[in-house]
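Below you'll find the structure, written out as structure tokens, and then a few comments.
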Amino acid sequence: DAKNYLKWLSGKTGKTYRLPTEAEWEFAARGGTTTAYWWGAKYASGKVPHGKTDETGSHDANGFGLFDVSGNVAEWVEDCYVNSFSAAPTDGSAVSPSGCSQRVIRGGGWKAGGDDFRIANRSRLPPTTRDTAIGFRVVTAG
């Protein structure tokens, strides 16, 4: 569904849109930090929604001015899931082995617990999964 939306949006606007790669997502989500959460080393429940999504901008933006990178919804990224980063591209491009059956989800959604909001947290699901706690962020490609 996300890919179809991006194709529609690109056609509607004349610009090219895509999902971020996992590396791009993590860089953006960290907002210039190196801590477990973009806001610091410890979980802070007031930084994320609970029990439902909140209106965008209800919580602080990270150091790059991005809202809801950890919270509201977890986000699909372009990459296929692999257990190790040892074979991951070093140029920030997506991991895309043939026969991909699991896509990477980053960030914790409103159904998640404290550890799920850690910037380094990642999970995987089949790309046909639909869930009210999963969304996506768009990147312009040009």
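The values are calculated or read from the model by the stated rules, or taken from the named source; none is laboratory data. This is a predicted model, so every value here is computed, not measured. Cβ sites come from the backbone with ideal geometry, for glycine too, and all protein chains shown count toward neighbours. To get the accessible areas, we keep the full protein, side chains included, count just its heavy atoms, and leave off ligands, DNA and RNA. Shrake-Rupley method; radii C 1.70, N 1.55, O 1.52, S 1.80 Å.
Descriptive notes on the structure:
- The 3J(HN,Hα) values that the Karplus relation (6.51, -1.76, 1.60; θ = phi - 60°) gives for the stretch 127-134 are, in residue order, x, 8, 5, 10, 7, 5, 9, 10 Hz. Gly and Pro appear as x.
- Residue with peak Gaussian network fluctuation, the chain [Cα springs, cutoff 10 Å], from Val77, Val69, Val95: Val95
- Simple spin-label estimate for Lys111 and Ala87 in nanometres, 7 Å along Cα-Cβ: 3.0
- Lys52 versus Phe67: modelled label distance in nm, points set 7 Å from Cα along the beta carbon direction: 1.7
- Restriction of the trypsin sites (Lys or Arg not before Pro) in the stretch 1-101 to DSSP coil positions whose beta-carbon has at most 13 other beta-carbons within 10 angstrom yields Lys15, Lys42, Lys52.
- HN-Hα J in Hz across the stretch 64-80 - Karplus 6.51, -1.76, 1.60, θ = phi - 60°, x for Gly and Pro: 9, x, 8, 9, 6, 6, 10, x, 6, 10, 6, 10, 5, 10, 5, 6, 6
- Euclidean distance between Cα centres, the stretch 75-142 to the stretch 1-39, Å: 11
- Coil-residue GluC sites (Glu not before Pro) of the stretch 55-142, DSSP, other Cβ within 10 Å capped at 11: Glu55
- Applying the Kirkwood pairwise sum to the alpha-carbon positions of the chain produces a hydrodynamic radius of 15.6 angstrom.
- Segment Thr13-Arg118, length gained on full extension (0.36 nm per residue, minus Cα span): 34.4 nm
- Bridge type composition, the chain - antiparallel percent by DSSP, nearest 5: 75
- Amide proton proximity set for Tyr17, modelled H, under 5 Å, gap of 5+: Ser10, Ala141
- Solvent-free Debye scattering, log10 I(q)/I(0), computed from the Cα coordinates of the stretch 56-119 at q = 0.12, 0.20, 0.22, 0.27 Å⁻¹: -0.39, -0.89, -0.98, -1.13
- At a probe radius of 1.4 angstrom, the accessible area of the stretch 1-112 per residue rounds to 55 square angstrom.
- Sparse-neighbour loop sites [chymotrypsin sites (Phe, Trp or Tyr not before Pro); the stretch 48-138; at most 12 other C-beta within 10 Å; DSSP]: Phe85
- Accessible surface of the chain, 1.4 Å probe, proportion on carbon and sulfur as whole %: 52
- Residues whose amide H falls under 5 Å from that of Glu75, counting only those 5 or more places apart or on a different chain, are Arg106, Gly107, Gly135, with hydrogens built in the peptide plane.
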